[in-house]
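A short write-up of the structure that comes next.
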Amino acid sequence: MYCRISRMIIAVWACVGVVLLSTAAHASRIKDLCTIQGAQENALTGVGLVVGLAGTGDSNADAIRRQQRLLERLEIDVDQIRGLRSDNTAVVVVDASYPPFAKQGTRIDVRVNALYDCDSLEGGTLLQTLLYGIDNEVYAVAQGPLSVGGFQAGAGGAGVTQNHVTVARIPMGATIEREIPSTITDGERVTLQLKRPDFITANKIQKAINAEFQEDIAVALGPGAINVRIPASRQHNLVAFMANVQNISVEPDFPARVVINERTGTLVIGGDVIIRPCQVAHGNLTLEVATTPIVSQPAPFTEGETVVTEITDLRVTQESGFLMPVQGTSASDVAMALNALKVTPRDMISIFQALRQAGALDADVEIM
């Protein structure tokens, strides 16, 4: 008799990871907290052709047409070429970020992405590709061998692929051909923009700049911007003044927040998270269902039929739970209290959601 047992187990998730942010205050430079108005990056995009692929290129007509245009530009008579194929070439989209204050001749990194049905860009070389800005003007030219962070191999109907082989990079693969003017000041003022707008952080930056220069030159315009007046004695050397401003240390303020990723079981608890005094009990419930098929064969030379019946065995296991007082003034205190309950990060996710509903958690809960 052939017997097959199928099991279905419903249980609490296995843990993946927990991150507890330290409550100790750490100072950050203004350079890491703010950007300068007028000094932003610009996106560049272009469409090019990758050659040198080992039969893993595109199999569409567009790739062949681009090959023909390339050969014609090289003054090669395409009509004399028979059996032109595109297996070794691929049409790609090339993009890059134009950094602020970049000068003509500056080299930047580019990303290369397969556009059609290319199987792999491994071993390919990007031919000269023009990169356009939002105004359809050419600002950079990209070219060079691709760096693919993976591989693809197969034989006999089996294969293995590591990472994405249809996406590649060319470190320092593009050269700036046209400069984009960047204006960060009118000669008297500079505006700092907070990467994370916050009233308290903006006020701290304003006070830190005024204390550094011992005069009221900084004014917070809101939670996201600080206007800085350039002293008359510093206007002749803007670079040194901005370097001094960006190097000032400030302790930023962030809202108390708990970030939950239920897909991976990751829990991130901010350092300012506070839990009001409460009682927490948590236990694990496991439901196990085992199904065993029983096959009944008829006697020989009879008109009976084979009958399959199933025997189901159901078992429920519940771990004992107990009440534990939980309270704390910092993330470390909260972690110690929850660790005393011996719960996994997945259990902590459920506990924090329940604490929020009970009003015992003074923090925002963000579910990714």
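Partners of K103 within straight-line reach, counting aspartates and glutamates whose Cα lies under 14 Å from its Cα and excluding those fewer than 8 residues away in the same chain: E41, E177, E179. Only Cα pairs under 8 Å and 6+ residues apart enter the sum, and on that basis the relative contact order of the stretch 164-223 stands at 25 percent.
For the stretch 228-235, the Karplus equation 6.51 cos²θ - 1.76 cosθ + 1.60, evaluated at θ = phi - 60°, returns couplings of 10, 7, 7, x, 4, 6, 10, 5 Hz by residue, with Gly and Pro reported as x. Within the stretch 167-220, the trypsin sites (Lys or Arg not before Pro) that combine a DSSP coil assignment with at most 16 other C-beta atoms in a 10 angstrom radius are R178, K195.
Database remark: amide H of A225 closer than 5 angstrom to the amide H of L194 (H placed geometrically; neighbours at sequence offset of 5 or more, or on other chains; Pro and chain starts carry no H). I want the local charge near L355. Using Cβ-Cβ distances under 13 Å, sum +1 for each Lys or Arg and -1 for each Asp or Glu among the other residues. Local charge sum for L355: -1.
Would you mind ranking I184, I294, I30 so that the residue whose beta carbon has the fewest other beta carbons within 10 Å leads the list?
On the way: I184 15, I294 11, I30 24.
In order of increasing Cβ crowding within 10 Å: I294, I184, I30.
No lab work stands behind these numbers, since they all come straight from the coordinates. What you are looking at is a predicted structure, and each value in this text was computed from that prediction instead of being measured. As a convention, Cβ positions derive from the backbone with ideal geometry for all residues, glycine included, and neighbour counts pool all protein chains shown.
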